[in-house]
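The values are calculated or read from the model by the stated rules, or taken from the named source; none is laboratory data. Quick caveat, the model's predicted, so the values are computed rather than measured. Every residue, glycine as well, gets a Cβ built from its backbone with ideal geometry; the counts of neighbours run over all protein chains shown.
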Amino acid sequence: MSAATLLRDVFGFDAFRPGQEEIVEAVVRGQNTLAIMPTGGGKSLCFQLPALVREGITVVISPLIALMRDQVRGLREAGVEAGALTSGNTQEETDAVWAALEAGTLKLLYMAPERLASGGTIQMLHRAGVSLIAVDEAHCVSQWGHDFRPDYLRIGELREALDAPLAAFTATADAETREEIVQKLFAGQQPATFLRGFDRPNIHLAFAVKDGPRNQILNFAAARKGQSGIVYCGTRAKTETLSRALADASHPTCHYHGGMEAEDRRVVERRFQQEDGLIVCATVAFGMGIDKPDIRWVAHADLPKSIEAYYQEIGRAGRDGAPAETLTLFGPDDIRFRRQQVDEGLAPPERRAADHGRLNALLGLAEALHCRRQTLLGYFGEEATPCGNCDLCDKPAEIFDATTPVRMALSAALRTDEWFGSGHLIDILLGNLTDKIQQRGHDSLPTFGVGKEYDKRQWQAIFRQMMGHDLLRPDRDRHGALRMTDHARPILRGEATIELRKDTIKAAKSGPKVRMLVNEEDAPLLSALKAKRRYLAEQANAPAYIIFNDRTLIEMAERKPRTLDEMAQIGGVGAKKLESYGKAFLEVIAGAVEDMHPARRKLAGRSEGAVYDRLLEVQANLMRGPHGVDKPMSCSASVIAKVANLRNPDINHLTRVMGDKYAERFGEAFLEVLEGG
Ligand code: ADP
Ligand code: ZN
């Protein structure tokens, strides 16, 4: 079978994701390949599909038992013979894998790298007829990375012994790691290399200055009730307090951090993987090993440590490609804390400078004036146009020329010999005659009282942004006093100007705006489909997305297939899943359509259906006339259906369909709906 057919029939996808096709082709051809793809880019398909096209067995090396078990389960659901040899197996499972190996029916064999240490393994793989080696998380071979796994070094040996092509996958792209992978896995022979873009267009990006952060998180979660999310916290204690606050607001939630017993951590991981709609408040210890494709949101209660960490953490959301949202909170204390962490770390000086650089990049993103995604991708060396899916595209920042106040602030710092923090400097700028100012005679400085144009809060925002742009840095040897950096010199000397955000000076207040995955009309059906999925998942004791992922359910809710043929057209519904679950979900959809008025039912799954519902809403609002005092009137369902079906209508058409009296009350409002208003 061709790759395209398998993609459709086995995996149920209509098309390759960007970059997948080239990689699949190279792997199918038997070339050595190295693919760097962002998390959620769809790496697994790039070896799973070739495994089905090629003769023989594909052995997959992966560091994470939970992920392996999950993938094996997913493949079995899709009708593919796959098995795993891991320490987590029961004897029965292991026996079954061996039996399938001997019978020659197994297509994919997953194993942990530790297995390679036992002498018999390589021989066994040789006998079994391994024709392809796939290495997931290939960066684990790098001794300099955080995820180094010594047993990964044996993979090179395995490749030579089996003389099979090797395909390596990772999301970590820096040039040094890449080089090391080529050395250690491919004996220095450059494989066909694919570097796929970093953009994750379905993830909405947003930052907010802390202003009652606990409520900011609670509001964010409230607007996304019932959706799975992660709240990353800067401290272990905060994971517990925030989790309690969310529980009080009746969200299903738990906390997770490195100080918990291993067993307790595993319980949380398992619950998160299986349950739909659980919120985990966690430190960054919660990450590696989380392979849940339907995480709908990630919030940072505290600023992450670098732009890479940020990218990786938000990247856990929306791996299924359906819309996902993020919110990162930050404030001056975060900046101080992260700087201090770098300064107090044990890294050699060059590393520390690089770490400050990575933090700067993140702060630059936090204080960005234009599209966040452009800024983020720019850091990774990619050009992009404004994305339309970040807070700054949604609502452009108000910007002002801040050169004068920035110079004032720098001057206040310099004239006090860079020995003070922002609080005291702001008192100087505002001309506050505090004890400290009097004691040190700072009221006689030329900068005393020059900044009265801004109030205290505004000055705080200016100082925060100056730290964010790395013009001022807290010095830990001076108890956090702010010192000017070289970046600030041109501004001080009048050779450069600087713009800052005006709107983050006033804190933006926004209540919970409920975000929906589908339009209002389809929301009840989507919930019903999810309930069916939950039921089936519980029966199978499997995570919900193994049945169908969110994206597939969204498409079902929108397109409302009525037959198995139509169902097969939905993305994510392959032949095996169609057979296992098609009927059950068709019944749910038919049930929802059943509950509709017959006139409305005829429009199900068509854009006119949504128009019909809008017309009903508008009609309800005008039932008693524009001022709510007239005689109640409403059109019959069949008239509404006729209106919804009108092409290029004007008021005359409407009058003909509805009659004068009705057209007078509803005509104009209906026209607006029909024109897409
Ligand atoms: P990662 O690159 O992080 O390993 P995965 O392989 O887990 O990503 O894939 C992420 C998600 O994308 C999965 O839910 C998978 O089913 C989905 N996916 C992969 N390829 C496609 C495709 N061609 N079309 C639609 N969804 C896809
Ligand atoms: Zn944008």
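Of the helices (runs of 4 or more DSSP H) contained entirely in region 592-669, those carrying at least 3 residues that are without any contact (Cβ under 8 Å) to a residue 40 or more places away in the chain fall at 607-622, 637-645, 651-658.
Restricting T172, T177 to those that are without any contact (Cβ under 8 Å) to a residue 60 or more places away in the chain and β-branched (V, I, T) reduces the list to T177. Annotation: of all residues in region 15-31 being surrounded by fewer than 19 Cβ atoms within 10 Å (Cβ to Cβ) and among the small types (G, A, S), the one that is modelled with the lowest pLDDT is A15.
For A161, all conditions in the list (1) away from ligand 2 (no atom under 16 Å from the Cβ); (2) crowded, with 20+ Cβ neighbours inside 10 Å; (3) at pLDDT below 95 hold save one; what is the number of the exception? Just one mismatch for A161, condition (2). R533 satisfies every condition listed in (1) part of a helix (DSSP H, G or I); (2) farther than 23 Å from A221 by Cβ; (3) charged (D, E, K, R) except (2).
Name the residue, out of G12, G56, G88, G79, that is surrounded by fewer than 19 Cβ atoms within 10 Å (Cβ to Cβ) and at pLDDT below 90.
Details: G12 fails: surrounded by fewer than 19 Cβ atoms within 10 Å (Cβ to Cβ); G56 fails: at pLDDT below 90; G79 fails: at pLDDT below 90.
Just one listed residue meets the conditions, G88.
Out of R464, R478, report the one residue that is within 38 Å of the chain's Cα centre (by Cα), among the charged types (D, E, K, R) and either at positive phi or modelled with pLDDT under 95 (or both). Checking each option against the conditions leaves just R464. Scan region 114-144 residue by residue and report those that are surrounded by 17 or more Cβ atoms within 10 Å (Cβ to Cβ) and assigned to a loop (DSSP other than H, G, I, E, B). Within region 114-144, D136, E137, S142 meet the criteria. Looking across K583, K661, K631, K602, one residue alone is out of contact with any His (no Cβ under 9 Å at 6 or more places or on another chain) and either under 19 Å from E520 (Cβ atoms) or surrounded by 14 or more Cβ atoms within 10 Å (Cβ to Cβ) (or both). It is K602.
Among the residues in region 333-346, are any surrounded by fewer than 22 Cβ atoms within 10 Å (Cβ to Cβ) and within 16 Å of ligand 2 (Cβ to nearest atom)? Within region 333-346, none of the residues are surrounded by fewer than 22 Cβ atoms within 10 Å (Cβ to Cβ) and within 16 Å of ligand 2 (Cβ to nearest atom).
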